Structures are given as C-alpha cells and as structure tokens.
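Below is one structure; the comments refer to it alone.
None of the figures in this text is laboratory data; all of them are computed from the coordinates on show. As the structure is a prediction and not an experimental result, all values here were calculated from the model. Here the Cβ positions follow ideal geometry from the backbone for every residue, glycine too, while neighbour counts run over all protein chains shown.
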Amino acid sequence: MSEKASDLPAKTTWITIGTFDGVHLGHQAIINSLVRGGHTHNKLAVVATFFPHPAEILRGIDGPYYLNTLQERERLIKELGVDEIITLHFTDEFAKKTAHAFIKDLFAQTPFSVILVGYDFHFGAKREGDISILRDLGKEFGFEVRTISPKMIHGQVISSSAIRQLILKHEVRQAAEYLGHWYSVSGEVVHGDGRGKHIGVPTANVAIWPRRLMPASGVHAARVELEDRSFPAVLNIGNRPTFYFPPAEQTVEVHILDFHEELYGKTIKVNFIDFLRLEKRFESAIELMDQIRKDIQTTREVLAHAPQTPDLPA
C-alpha cells in the first residue's frame, strides 16, 4: 500500500495502541479484531506502538527485558495484516503528556474513527487515562472506543510480564503457548574460542541484543532457522564452567545437528523448543562430551514429537 494512514482523508483509519512486546496471543486477539473490523468497513488498520519500552523510562528498568527486538515486533505485527505501524519514541518528556494531550496529538497525526484497546488500557502521565476517560475523549474528538476482553490460558491472563517469568524459569514450552509461537532470538554468528570444534562438537556463537530477555543458564532443544531452512539443534546458554574458572562471560552457542556449512557472519534465528538441563561443571572434557551426546539424543527425541508451531489453545 503506497499511501500512509496520515496521508488519507480524516477518519479512514481504525487504530490500536500498545507496546505489544512479544506479540503474544492477547496482542494478536486485539490486532486481529482491528484488522477484521477496519477492513470490513473499508478502513486502514493502524497499530501505534512505543519504543523504547515505557518500563525503561517509568520504572528505570535496565538490563535484559525485551521479548522482541523492534524489527521482530514490527514483522510479527505486519504478518497479522496491519496496514501501517506508527512507532512513538517514548522519552521522559513523552511520559509527561496528559491523557488528553496524548490522544489529541495522536488524533492530529492520524485521524481515526475507531480506537480498539485491551480491557485494562491506561495512558497518559502517571497512567491517568482509562477506558472511561478514553470514551469522553472519543465524544470530544469524534471517535468510537471498542475494547477486547483478556485472553486467558490455564485460568491466567496472558501478559508479557507472565511470559517473561516463564522464560526466566526455563518454562519455554508454556511461554510458547502464551505467545502463539516459539520464543526465539536472532543474531549474527560470530567467532568464539573454537573449543566446541576442538572437542568434536562445533558450535555457532550467536551475538544477541543485550536487552533481549534470555532464560537462565542451561541447555535447550532448539530449532535453528537459516534463510528458508530449519535445522535441529542443541542450545547452550552459559559460562562454560568446565573450561573457565572463574566462569567466563555468558555466551549463546548452538550445535546444529548434522550440519556442516560455514555460518560466520550469517544471521540465524534460534527457536527455544524445550528445556533439557541446567549448565554444570564437569571434571573433564570427556565427561562433558558424554553429556553432550546424551543432550543430542534427547534433543532428537524431543524434536521428533514437537510440532513446527506450538499447540495453540482451542
């Protein structure tokens, strides 16, 4: 589509607002409803999102936190059929906007006839705006407010916060249920210390965005995507305690099964399929190799029964 929503006549747009970190099933429900409703009424479906994450500014969060890079988030949102994504730069100054000023500025940038948001949507300085205030603003500016009920699994509301906790506890399979897709990280393959190749198990060292949330140290069954191909792999996140004491800097390494191509400089995507075990220190490289062989066999068994995409709730 060559035209942007902001270039079209007023009120040819339906919009939703949120950070959408992870683009989980709850986010997907909102965006799918937006796309269906907007397109049914011959309107553009527009998603307004924030970067950096408001939690960085409002709560001072510093360190690994994000479930997606901005580029990954935008790709996942686009795949849902959205016509345009507006990324709002969230700063200290932006955080001070009143609820009224926030909607006024957004409406001036992209006039919309319907705004569709989650049941607990809050906006504006100190989260002063809620659904009731948004409806009042709708009367002032001439737009309709629609809300979406929470998406739940196992009696729990799906949220980015809940998914972060699952990932930190190695519960990547359950996180995938909440996401509707495997939790994954992407990065360029860089040179490591070559120790894996030396002991007969070559690994690809993946450079991950430092703000990306990762499970604690451990070994996982994984699938690696390279271009349009997918390969089984054993993933290790850790400090290589068998070879380094005190432990070295944490690395993300994947041993791709039955794979013999050169990967340096290429970008790969690693999907977390299941947690196998914690990282531990072995008394010798021989003991480590014995365990790695077991990890490879377990990975083959896990992946033989794992679907290409997570089992989604009915």
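Note on HIS122/ASN42: beta-carbon distance plugged into 1/(1 + (r/R0)^6) with R0 of 35 Å gives a FRET efficiency of 0.70.
Each of GLY38, ASN236, ALA222 was scored by the projection of its Cα onto the charge dipole of the chain, and the greatest displacement toward the positive side belongs to GLY38; charges sit on the C-beta of Lys, Arg, Asp and Glu.
Taking other C-beta atoms within 10 angstrom as a stand-in for reagent exposure, THR147, THR110 fall in the order THR147, THR110, fewest first.
Peptides 119-125, 93-99 ordered by packing proxy, namely the average of other Cβ atoms within 10 Å per residue, highest first: 119-125, 93-99. In straight-distance terms, cross-link reach from LYS97 covers every one of the aspartates and glutamates whose alpha-carbon lies under 14 Å from its own, apart from those fewer than eight places away in the same chain; here that gives ASP105, GLU128.
For Rg and Dmax of the Cα atoms in Å, the candidate list reads [x] 22.3, 72; [y] 19.8, 58; [z] 20.6, 63; the entry that matches the value derived from this model is [x].
With 10 angstrom as the radius, rank TYR178, TYR65 by how many other C-beta atoms surround their C-beta, starting from the fewest.
Ascending number of Cβ neighbours within 10 Å: TYR65, TYR178.
Normalised by the number of residues in the chain, the average gap of Cα pairs under 8 Å and 6 or more apart makes the relative contact order 16 percent. Helices in the chain, meaning DSSP H runs of at least 4 residues, each add -39500 (n - 2.57). Divided by all residues, the mean residue ellipticity at 222 nm is -9000 deg cm²/dmol.
Only Lys, Arg, Asp and Glu carry charge here, each on its Cβ (+1 for the first two, -1 for the last two); on that basis the chain has a dipole of about 500 debye about its Cα centre. If you line up the long axis of helix 131-141 against the longest principal axis of the chain, both from Cα atoms, how many degrees apart are they, to the nearest 10? For helix 131-141, the angle is close to 50 degrees.
Of the three principal axes defined by the Cα atoms of segment 67-174, the extents in descending order read 47, 31, 30 Å. Shown for VAL234, VAL145: other C-beta atoms within 10 Å of each C-beta, ranked fewest to most, produce the order VAL145, VAL234. Taking square-rooted eigenvalues a ≥ b ≥ c of the alpha carbon gyration tensor, is segment 1-142 rounded, prolate or oblate, where a/c under 1.5 means rounded and, failing that, a/b exceeding b/c means prolate? Verdict is oblate for segment 1-142.
Of the cross-linked pairs LYS96/LYS139; LYS169/LYS269; LYS151/LYS266; LYS269/LYS294; LYS126/LYS151, those separated by over 29 Å at the C-alpha level are LYS151/LYS266.
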